[in-house]
Amino acid sequence: MPNPAGVDYGEYLRLDQLLACQSPKSAERGQPAHDEMLFVVVHQVYELWFKQVLHELDSVMGLFRRDSVDERSIGVAVSRLMRVTEIQKILVDQLRVLETMTPLDFLEFRDLLIPASGFQSWQFRLIENKLGLRSGHRAALERTAVGARLSPEQVLSLRESEAGPSLLELVEKWLERTPFLEVPGYQFWKSYAEAVRGMLAADRRTIETNPTLSEAERAVPLAELDRTAASFEAVLDAKAHDALVAEGRRRLSHRATLGALFIHLYRDQPILHLPFRFLTLLVDVDELFAAWRYRHALMVHRMIGTRIGTGGSSGHRYLLSTVERNKVFTDLYDLSTFLISRSALPALPPGMERRLGFHFPRD
Ligand code: HEM
């Protein structure tokens with residue numbers, strides 16, 4: 001039933017509550033530090049954006065929890081992840097606003113914050129967990145600090161996000177179901193393996209027959225080629241792949257990796273466009289979080305130098321270490337190692353080519 005008086009702007013947005021949420025500690029102590037308001041507002045804006053990111057991630061994960069994900073759902077997931085990446089760009093940019101505060105201005109109120117720290121941003125941890133960062137992957141300090149000073153409900157939601165399937169795991173299951181990897185008379189990995197071995201043999205001939213190279217000079221690119229061949233063999237051989245998973249160097253199963261590779265290689269086929277966009281967006285999301293981590297670490301360096309953080313970490317050095325370590329979709333980045341050029345790509349069987357295209361019946 002619509003409200004006959006209509007909705008009031010401030011009421012709808014609950015501005016009375018929202019605008020009453022900024023209480024700088026320095027003012028409470030009777031020595032207001034001008035820049036603390038900026039510090040509070042910037043953090044609150046971040047938390048609001050984190051809330052929106054979680055809203056989008058939850059919906060994408062909901063779509064991928066099903067046993068089969070139709071084209072429409074992938075389209076929806078793509079548009080929601082695009083929204084996440086646009087928000088992330090703002091998250092990176094927004095640090096510039098905070099950097100208008102000088103390190104000296106920060107010192108005016110920094111001690112009042114101890115032991116509060118970004119470590120306690122449970123929404124940030126929730127995003128990390130939902131994407132697929134696992135507790136075993138975190139530094140020890142990060143693990144202990146995560147649960148500190150959170151409400152029982154927040155701790156529970158963090159535990160649930162760690163126990164439940166992450167976006168990475170849901171995507172893995174979806175990739176494992178990639179159709180077309182194997183149909184009567186065609187196995188993707190066989191035709192791919194032939195193409196790769198042919199390509200590597202051609203590279204070897206090019207090096208071996210190059211008249212400008214001496215024996216010693218030839219040894220260097222040949223050794224490089226052997227290394228490339230070994231990494232291709234690992235993606236072709238399920239056992240070698242499983243060994244990498246056991247060592248923690250890969251997270252996606254062999255089947256899922258082949259599915260992702262197929263989508264990348266044959267992305268020009270209409271039906272694979274959206275899955276390809278989706279996989280690319282997962283890397284974008286991961287990369288933009290890494291960009292935020294790096295940017296935040298740089299800001300922290302200029303703000304507090306090499307001092308320790310209010311949460312007890314080594315500060316800038318700790319934050320830098322998370323840039324690489326906390327990436328989630330590294331398997332998808334690594335896929336580029338195994339791409340082969342369009343000209344070397346084996347043709348698909350004719351029947352399959354038709355199934356991968358869009359066909360509109362003519363009247
Ligand atoms: C003057 C500005 C800032 C300084 C000096 C600063 C400093 C730090 C430090 C030193 C840490 C490491 C943990 C610790 O020992 O406390 C940290 C972690 C963190 N900060 Fe900031 N920070 C600032 C602004 C921000 C802003 C605006 C956000 C936005 C939400 C933020 C979010 C976080 C998060 C999420 C972590 C945990 C990162 C992780 O463990 O991977 N920080 N911060």
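The values are calculated or read from the model by the stated rules, or taken from the named source; none is laboratory data. The structure displayed is predicted, hence computed values, not measured ones. So basically every Cβ, Gly included, is an ideal-geometry build from the backbone, and we count neighbours across all protein chains shown.
Which residues, taken from region 315-355, are within 21 Å of P179 (Cβ to Cβ) and assigned to a helix (DSSP H, G or I)?
Listed by number, the residues that qualify are D331, L332, L335, F338, P350, G351, M352, E353, R354, R355.
For region 327-354, enumerate the residues that are touching a helix residue (DSSP H, G or I) at 6+ places or on another chain (Cβ under 8 Å) and among the basic types (K, R).
Selection gives K327 alone.
Take the residues in region 260-315 that are at pLDDT 95 or above, of a type in the set (G, A, S) and in contact with an Asp or Glu (Cβ under 9 Å, 6 or more places away or on another chain); name whichever of them is nearest to V92 (Cα to Cα).
Among those residues, the one meeting the criterion is A290.
For region 93-108, name all the residues that are more than 10 Å from the ligand (Cβ to nearest atom) and crowded, with 16+ Cβ neighbours inside 10 Å.
If the condition is that a residue be more than 10 Å from the ligand (Cβ to nearest atom) and crowded, with 16+ Cβ neighbours inside 10 Å, then E108 is the only one that fits.
Consider S73 carefully, then state whether it is more than 30 Å from L258 (Cα to Cα), in a helix (DSSP H, G or I) and among the small types (G, A, S).
no
Of the conditions (1) within 12 Å of the ligand (Cβ to nearest atom); (2) within 29 Å of the chain's Cα centre (by Cα), D35 fails just one. Which one is it?
That leaves (2) as the condition not met.
Residue by residue through region 110-142, note down the ones that are over 25 Å from P165 (Cβ atoms) and either within 10 Å of the ligand (Cβ to nearest atom) or acidic (D, E) (or both).
Scanning region 110-142 gives R110, D111, L113, I114, P115, A116, S117, G118, F119, Q120, L141.
What is the number of the single condition among (1) within 13 Å of the ligand (Cβ to nearest atom); (2) not in a helix (DSSP H, G or I) that W49 does not meet?
(2)
Which of the residues spanning region 148-158 are closer than 19 Å to S313 by Cα and either within 13 Å of the ligand (Cβ to nearest atom) or modelled with pLDDT of 90 or more (or both)?
Once the filter is applied, which keeps residues that are closer than 19 Å to S313 by Cα and either within 13 Å of the ligand (Cβ to nearest atom) or modelled with pLDDT of 90 or more (or both), region 148-158 yields A148, R149.
Restricting to region 240-282, and then to whatever is within 24 Å of E56 (Cα to Cα) and of a type in the set (D, E, K, R), can you tell me which residue is surrounded by the most Cβ atoms within 10 Å (Cβ to Cβ)?
R251
Among the residues of region 300-314, write down those that are in contact (Cβ under 8 Å) with a residue 60 or more places away in the chain and either near the ligand (Cβ under 6 Å from one of its atoms) or not in a helix (DSSP H, G or I) (or both).
M303, I304, G305, G309, T310, G311, G312, S313
Scan L332, L319 and give me the residue that is buried (at least 16 other Cβ atoms within 10 Å of the Cβ), within 10 Å of the ligand (Cβ to nearest atom), modelled with pLDDT of 95 or more and of a type in the set (A, V, I, L, M).
Step by step, each of L332, L319 is checked, and only L319 is buried (at least 16 other Cβ atoms within 10 Å of the Cβ), within 10 Å of the ligand (Cβ to nearest atom), modelled with pLDDT of 95 or more and of a type in the set (A, V, I, L, M).
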